[in-house]
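This report concerns only the one structure given below.
Since every read-out is calculated from the coordinates, none of them should be taken as a lab result. If you're wondering where the values come from, they're calculated on a predicted model, not measured in any experiment. All Cβ positions, glycine included, derive from the backbone under ideal geometry; neighbour counts span all protein chains shown.
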Amino acid sequence: MTSTPSAETCVGCGRPTRSGSALFSDRRYTRGEDGAPIFLCGDCNERAISHFGRQPTDRDMVQIAARGAGLGSVLGGPGAGAGPV
Ligand SMILES: [Zn+2]
């Protein structure tokens, strides 16, 4: 069974974005293909914008989540995570 953190952690940095946390107001939220909730905090959203050159879409967030915590693997630059785009 996959664990779903109740802290609503950001997929980029792992910090909690739940209601009442410092990151809550700026977080983005979507759901993955399996219905699992995906959260992205404002800081990581900014990093994603500079990486993608635009506001990350829900699909982008799903991709970030799929590659695991740590935007570094996604935003590390060419060659950091070679794969289908
Ligand atoms: Zn984050």
Trypsin sites (Lys or Arg not before Pro) within segment 8-72: DSSP coil, no more than 10 neighbouring Cβ in 10 Å: Arg54
Three-way shape call for segment 1-70 based on the alpha-carbon gyration tensor, with the a/c threshold at 1.5: oblate
Interchain or long-range residues, amide H under 5 Å from Ile38's placed H: Thr30, Arg31, Gly32
Ser19 versus Glu46: modelled label distance in nm, points set 7 Å from Cα along the beta carbon direction: 2.7 nm
For Cys10, residues with placed amide H under 5 Å, excluding near neighbours: Arg15, Thr17
Asp26-Gln55 pseudo-label distance in nm [points 7 Å out on the Cα-to-Cβ vector]: 1.6 nm
